[in-house]
1. For Ile109, are the conditions met, namely being open to solvent by 90 Å² or more (accessible area, probe 1.4 Å), modelled with pLDDT of 85 or more and out of contact with any Pro (no Cβ under 7 Å at 6 or more places or on another chain)?
2. In segment 62-86, how many residues are more than 28 Å from Arg21 (Cβ to Cβ), in contact (Cβ under 8 Å) with a residue 40 or more places away in the chain and open to solvent by 30 Å² or more (accessible area, probe 1.4 Å)?
3. Would you be able to tell me the number of residues in segment 128-144 that are surrounded by 13 or more Cβ atoms within 10 Å (Cβ to Cβ) and either farther than 19 Å from Arg90 by Cα or without any contact (Cβ under 8 Å) to a residue 40 or more places away in the chain (or both)?
4. Quick one: how many residues across segment 58-98 are over 29 Å from Arg157 (Cα atoms) and not in a strand (DSSP E or B)?
5. Can you confirm whether Glu5 is surrounded by 10 or more Cβ atoms within 10 Å (Cβ to Cβ) and at pLDDT 75 or above?
6. Answer with yes or no whether Arg89 is open to solvent by less than 80 Å² (accessible area, probe 1.4 Å) and in contact with a strand residue (DSSP E or B) (Cβ under 9 Å, 6 or more places away or on another chain).
Amino acid sequence: MAAGEDLLWDADHKSMPMVPRLRRIGVTAGCLGILGLLLWTGSNATWALYAGALYLLGEIAYWVWDRRRLVEASIVPGEADGPATLRLRRAGGQITEHDSHHVARVLIIHDNVHALAKLRLRLHGGQFFFGRPGNSPALTTWRHGCPKAEVSDRGARWGMPGIPD
């Protein structure tokens, strides 16, 4: 980080765990290939191939969605008394910068089970960002960095596991 940056959001896991995901996809694709060869005779159990293909498509869709999630958000002071910039870094490595005055809403959702929180960020114009779970940030830093944003927090909407709500 450069001098003068205020860290607003810092996720616990910043990398994308590709090895387990690729292993699952590879095993599923291999099983689908073997199952396809076994069912080549015209069996009525082709639903297993469709279920495996659906799993592969779901895993790929989750990977695409997960690489867009935020792992770090910081406020960078503007140059020559210009407006501060909100710098967002995603799990896929992409870094985008936005005017901090264009942030419409910041919502921090505290987990009831773990000592983590999730970030929901909305910019004017309808652009949404979701943050990976991380340590709960101070709301005053968000309020100071994004003065026009509605900054709030809340608990998660589910209870403790094993305890009825």
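The values are calculated or read from the model by the stated rules, or taken from the named source; none is laboratory data. This one's a predicted model, so the numbers in the text were calculated from it and none came from an experiment. Cβ placement follows ideal geometry from the backbone for every residue including glycine, while neighbour counts extend to all protein chains displayed. With ligands, DNA and RNA removed, areas are computed over all heavy atoms of the protein, side chains included. Shrake-Rupley method; radii C 1.70, N 1.55, O 1.52, S 1.80 Å.
1. no
2. Here the count works out to 1.
3. Of the residues in segment 128-144, 5 are surrounded by 13 or more Cβ atoms within 10 Å (Cβ to Cβ) and either farther than 19 Å from Arg90 by Cα or without any contact (Cβ under 8 Å) to a residue 40 or more places away in the chain (or both).
4. 10
5. Against the criterion (surrounded by 10 or more Cβ atoms within 10 Å (Cβ to Cβ) and at pLDDT 75 or above), Glu5 does not qualify.
6. yes
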